[in-house]
Amino acid sequence: MERATNGQVTAATSSPWRWLSQVRWIFDTSELGLLGRADAILQVESTNLREGSRTLLEAKHRLHQEGIGNATAPRDVGGGGYRWVVQLLIQFLVGYRDLNMRDAAHLGHAELLLLDDNWITREELHQAVAGELIGVAATEPSGGSNLATASTTIAVPTPSGWELTGEKKWISRIEEAGAFVIFARVHDDIAAFYVRSTNDGLARASLVPSGLTGWSWGCLVLNSARVRTSDMIGDVAAGVSLFRRHFARYRPLVAATCLGAAAASIDQWVDFVLSRSDGGRVLMGGALEKIGQCRSRIILAISGLVAGAVQTADPDPIWAKMAKAHSVEVALETVRSAARSMGAQSYEAEHPVRRTLRNLEAFEYADGAIDPLFRSSGYAYVRQTADERV
Ligand SMILES: Cc1cc2nc3c(=O)[nH]c(=O)nc-3n(C[C@H](O)[C@H](O)[C@H](O)COP(=O)(O)OP(=O)(O)OC[C@H]3O[C@@H](n4cnc5c(N)ncnc54)[C@H](O)[C@@H]3O)c2cc1C
């Protein structure tokens, strides 16, 4: 906090690092150096995005060129080989600077290719490490919470590979992705296919989202899209397990991104409170208690994420579901508190706190809807307890 010459309290210096002091000790000097560099670049990129001088895809390419977007990818595919837990903090920094950059600073869904050893040497993976964006298409118009029951998109064998027909809905980055990992039914199984976005059998149609408007979003229609035998990831029955393993790593990253965005909103709220408390006027309406409560919730949530990620790069899928659902709830509730406490000014459509609130609402559905995620966690715990009693 600073005092100007007229005695008025001015804005606090915003920095994501003021939220991370309890977890800093986990990172070594080289990791902290990388994180510092990442934050400096993210700050510049978020300003460029706001001013419209750069697109999200350009920001992603820059972050990959600088060794941030591929920092935690394995060295043998051209990545930096940093620990997975480092990516959690990169995502917190991303969220703090601009939630729309959520998939600009990591491999994102290209990590699905890493789960099949046959893809390690392939050009497609190396392009993704260099910054090409890969989308994922699992959700179908009839619902996305249970991939195992998806039945709209079908793959049939051809002499040279597979032909995919069907529809995928609510897919992120449909225009920007260079390729998609598309999940399709093959008889009783679900298989995963790598499909270039230029495939003749693939049509894209945009939908208008409520938030997260930085990237495009919409439907993919597959009309006899042909792919090669070698474009299958894993075997014909591997789709559901690839999806689960991938999202066990992906969901905690979403969680950290949302918490970073919430932390930025609380800092904007603190700036607002300071601007209203000129000349040492007493703060109104329990503002300090509310700010303290929000700060505690965010700090303890990010500490829990880091504790769960520090020992493993292959987390338990149920833990990952809880991590995502809980963090999104904490982020939404704390940002709602900030918005309500800032009065009418936070209702302007382009106010950063309002924008964050709109963007966070997308995560009640994206990457797994909150209720089904909590339901899985409840089911697993009750099941385990019942089994232990037998
Ligand atoms: C911004 C955004 C980005 C997204 N990006 C992608 C993407 O890139 N790729 C992708 O594949 N998908 C994407 N999605 C889709 C997302 O993954 C799905 O929304 C999510 O998996 C949940 O599926 P659903 O919305 O179809 O919900 P559903 O599975 O339809 O469930 C919706 C609700 O209905 C309830 N429900 C379901 N069945 C029943 C029942 N029988 N009785 C009572 N209640 C029931 C559930 O508990 C849940 O609360 C995105 C979504 C959003 C909003």
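The values are calculated or read from the model by the stated rules, or taken from the named source; none is laboratory data. The structure displayed is predicted, hence computed values, not measured ones. For neighbour counting, all protein chains shown are included, and Cβ atoms are generated from backbone atoms with ideal geometry for every residue, glycine included. Side chains are part of the model used for accessible areas, which takes the heavy atoms of the whole protein and leaves out ligands, DNA and RNA. Shrake-Rupley method; radii C 1.70, N 1.55, O 1.52, S 1.80 Å.
Values as computed for the structure displayed
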{"item": "Condition check for Arg355: within 11 Å of the ligand (Cβ to nearest atom) and open to solvent by 20 Å² or more (accessible area, probe 1.4 Å)", "result": "no"}
{"item": "Residue in the stretch 179-198 that is farthest from the chain's Cα centre (by Cα), counting only those that are under 20 Å from Ala237 (Cβ atoms) and aliphatic (A, V, I, L, M)", "result": "Val186"}
{"item": "Pick from the stretch 166-178, criterion without any contact (Cβ under 8 Å) to a residue 60 or more places away in the chain and within 10 Å of the ligand (Cβ to nearest atom), ranking: nearest to Asp235 (Cα to Cα)", "result": "Lys168"}
{"item": "Test: residue in the stretch 190-199 that is hydroxyl-bearing (Ser, Thr, Tyr), part of a loop (DSSP other than H, G, I, E, B) and modelled with pLDDT of 95 or more", "result": "yes"}
{"item": "Which listed residue, of Leu99, Leu93, Leu88, is in contact with an Asp or Glu (Cβ under 6 Å, 6 or more places away or on another chain), under 30 Å from Leu357 (Cβ atoms) and open to solvent by less than 40 Å² (accessible area, probe 1.4 Å)", "result": "Leu93"}
{"item": "Selection from the stretch 36-69 of residues that are in contact with a Phe, Trp or Tyr (Cβ under 9 Å, 6 or more places away or on another chain) and more than 11 Å from Asp98 (Cα to Cα)", "result": "Gly36, Asp39, Leu57"}
{"item": "Flag if Pro141 is over 24 Å from the mean Cα position of the chain (by Cα), open to solvent by 40 Å² or more (accessible area, probe 1.4 Å) and outside the structural domain of Arg245 (by TED's automatic domain parsing)", "result": "no"}
{"item": "Output for the stretch 137-154, where each listed residue is among the hydrophobic types (A, V, I, L, M, F, W, C), more than 9 Å from the ligand (Cβ to nearest atom) and outside any helix (DSSP H, G or I)", "result": "Ala150, Ile154"}
{"item": "Residue in the stretch 305-321 that is within 16 Å of the ligand (Cβ to nearest atom) and either without any contact (Cβ under 8 Å) to a residue 40 or more places away in the chain or of a type outside the set (Lys, Arg) (or both) present", "result": "yes"}
{"item": "Checking Val181 against (1) under 20 Å from Gly368 (Cβ atoms); (2) open to solvent by less than 10 Å² (accessible area, probe 1.4 Å); (3) more than 16 Å from the ligand (Cβ to nearest atom), the condition it does not meet", "result": "(3)"}
{"item": "Residue that is over 23 Å from the mean Cα position of the chain (by Cα), of a type in the set (Gly, Ala, Ser) and open to solvent by less than 30 Å² (accessible area, probe 1.4 Å), where the choices are Gly260, Gly201, Gly218", "result": "Gly201"}
{"item": "Among (1) closer than 22 Å to Ala225 by Cα; (2) within 24 Å of the chain's Cα centre (by Cα), the one test that Gly166 misses", "result": "(2)"}
{"item": "Counted residues, the stretch 116-130 - those being among the aliphatic types (A, V, I, L, M) and surrounded by 18 or more Cβ atoms within 10 Å (Cβ to Cβ)", "result": "3"}
{"item": "Selection count where residues are open to solvent by 40 Å² or more (accessible area, probe 1.4 Å) and within 28 Å of Ser376 (Cα to Cα), scope the stretch 145-168", "result": "8"}
{"item": "Filter result for the condition that a residue is of a type in the set (Asp, Glu), free of Cβ contacts under 8 Å to residues at least 12 places away in the same chain and away from the ligand (no atom under 14 Å from the Cβ), over Asp117, Asp189", "result": "Asp117"}
{"item": "Unique residue being closer than 19 Å to Asp316 by Cα, out of contact with any Gly (no Cβ under 8 Å at 6 or more places or on another chain) and within 16 Å of the ligand (Cβ to nearest atom) when the list is Tyr379, Tyr365", "result": "Tyr379"}
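Here is a yes/no grid of residues against (1) touching a residue at least 40 places away in the same chain (Cβ under 8 Å); (2) part of a helix (DSSP H, G or I):
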| residue | (1), (2) |
| --- | --- |
| His109 | yes, yes |
| Leu113 | yes, yes |
| Glu124 | yes, yes |
| Gln127 | yes, yes |
| Glu132 | yes, no |
| Gly135 | yes, no |
| Val156 | no, no |
| Leu164 | yes, no |
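Listed here are the residues, each with its yes/no results for (1) assigned to a helix (DSSP H, G or I); (2) in contact with a helix residue (DSSP H, G or I) (Cβ under 9 Å, 6 or more places away or on another chain).
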{"position": "Ala264", "(1), (2)": "yes, yes"}
{"position": "Asp271", "(1), (2)": "yes, no"}
{"position": "Ser275", "(1), (2)": "yes, no"}
{"position": "Met284", "(1), (2)": "no, yes"}
{"position": "Leu288", "(1), (2)": "yes, yes"}
{"position": "Leu300", "(1), (2)": "yes, yes"}
{"position": "Ala307", "(1), (2)": "yes, yes"}
{"position": "Ala313", "(1), (2)": "no, yes"}
